[in-house]
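The values are calculated or read from the model by the stated rules, or taken from the named source; none is laboratory data. Note that the coordinates shown come from a computational prediction; the quantities given were computed from them, not determined experimentally. Methodologically, a virtual Cβ is constructed for each residue, glycine included, from the backbone with ideal geometry; neighbour enumeration extends over all protein chains shown. We work out accessible area using only protein heavy atoms, side chains counted, and drop any ligands, DNA or RNA first. Shrake-Rupley method; radii C 1.70, N 1.55, O 1.52, S 1.80 Å.
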There are 2 protein chains.
Amino acid sequence: MENKTARFEKLLVKNGLKRTAQRLQVLEILSGRDSATSQPYLEQVMGKNADRVTLYRVLQAFEEKGIIHKVLDQQGTANYAICSDGCSAHEHHDEHVHFNCDNCHKIYCLDTVKIPALKVPAGFKVEHLNLIATGLCASCSDKIN
Amino acid sequence: MENKTARFEKLLVKNGLKRTAQRLQVLEILSGRDSATSQPYLEQVMGKNADRVTLYRVLQAFEEKGIIHKVLDQQGTANYAICSDGCSAHEHHDEHVHFNCDNCHKIYCLDTVKIPALKVPAGFKVEHLNLIATGLCASCSDKIN
DNA sequence: GCTATATTTGCAACATAATTGCATTAACAT
DNA sequence: ATGTTAATGCAATTATGTTGCAAATATAGC
């Protein structure tokens, strides 16, 4: 693979954000995981590399630019995942299903699963759909049974 | 309609909960609204009739017994609605769609809308589905256009 | 490379939300 | 009426999120 850091730097520049150590580290962490990452976990891993406030602001900036998207888990905790291509400041395309494992509490973005269209009562105008499935992920399902 | 308070009292007893003023008032409030009720709103309406801590505990007890169900809105704020029949401590049947209005921020339980079955990757075991639609509710849709 | 400028960060203070322990109060079975 | 257990309120604590501002840092222009 091409130099990952270089790719992240381009991503930042493209979005008018400066290339700072904290931002790069957040991208590094998020990209290295197979599931969405909770804010508390990020906070912990960043440790003294970034102030708590900075993390909030980095995440907020990334979300606004469409670099990452936020998913709330069943406890209301914010989790973040890098957006697949096609997201921008103008428009998020994160209408895929999120899977929240009851056991390991990981949140998986099931990019391949599309949310089926929905019939709503007359008058209601649906803008966005947000579907979270809970249960056991493949890995925990294996371990437990 | 039969005496509402009497019905609530039965509901409490049936679930092994004592008939307290605070619990009855919470049921009263929730039942009198056409959409899910946010915790902050409940807190405000209860006023000095209940301590904030008591409210947390009442809601938690109700949720555990299957009397109400919790829906998180897009901001992660807890909202509560009385469960339709068929919910119990063992099993919630709140797998209908929730609609979060972007304008009035109400959360409607669209009991009539069923969540379509879902194809997930091999190994994943879905236990519950949680679908939140955002957009404009019928009432706001009218007013705005 | 050096400097000017605008952005970003960290700190401190503050605001809000949630949790815990414990003494007091209230419900209700007998 | 009374004893027992559950529920409440209060105080203290912890967690979570926000704001203003001074210091530090990235980078564009020289």
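Using a 1.4 angstrom probe, figure out how much accessible area region A:4-144 has per residue, in square angstrom, rounded to the nearest whole.
Working: 7620 Å² over 141 residues.
Accessible area per residue, region A:4-144: 54 Å².
For chain A, the relative contact order is 18 percent, taking Cα pairs closer than 8 Å that sit 6 or more residues apart in sequence and dividing their mean separation by the residue count. With the charge dipole of the protein assembly as shown set up from +1 on Lys and Arg Cβ and -1 on Asp and Glu Cβ about the Cα centre, the Cα lying farthest toward the positive end among the listed residues A:Tyr41, A:Gln74, B:Leu27 is that of A:Tyr41. Per the Debye formula on identical point scatterers at the alpha carbon atoms of the protein assembly as shown, with no solvent, log10 I(q)/I(0) at q = 0.08, 0.14 Å⁻¹ is -0.42, -1.14. A:Ala117 label point, 7 Å along Cα→Cβ, cut-off 18 Å on backbone N: hits in region B:120-139? Within reach of a label on A:Ala117: B:133-134.
Calculate the mean, over all residues of peptide B:135-142, of how many other protein chain Cβ atoms lie within 10 angstrom of the residue's Cβ.
Values: counts 7, 5, 5, 6, 2, 3, 4, 1.
Averaged over the peptide's residues, the number is 4.
With N as its number of residues, region A:4-144 has a Cα radius of gyration that, divided by 2.2 N^0.38 Å, comes to 1.13.
With all protein chains in place and a 1.4 Å probe, the accessible surface of the protein assembly as shown carries 49 percent carbon and sulfur. Here each label is just a point 7 Å from Cα along the line to Cβ, and for B:His128 and B:Gln22 those points are 2.4 nm apart. Pairs of Lys residues in chain A are counted when their Cα atoms are under 22 angstrom apart and they lie 8 or more places apart or on different chains; the count is 16. 3J(HN,Hα) along region A:39-53: 4, x, 5, 4, 4, 5, 5, 5, x, 7, 6, 8, 5, 4, 5 Hz, from the Karplus curve 6.51 cos²θ - 1.76 cosθ + 1.60 with θ = phi - 60°, whole Hz, x for Gly and Pro. Charge dipole (Cα centre; +1 on Lys/Arg Cβ, -1 on Asp/Glu Cβ; no other charges) of chain A amounts to roughly 380 debye.
A:Arg33 sits with roughly 80 Å² accessible to a 1.4 Å probe, with DNA, RNA and ligands left out of the calculation.
The label point for B:Ile29 and the one for B:Lys10, both projected 7 Å from the Cα toward the Cβ, are 2.5 nm apart.
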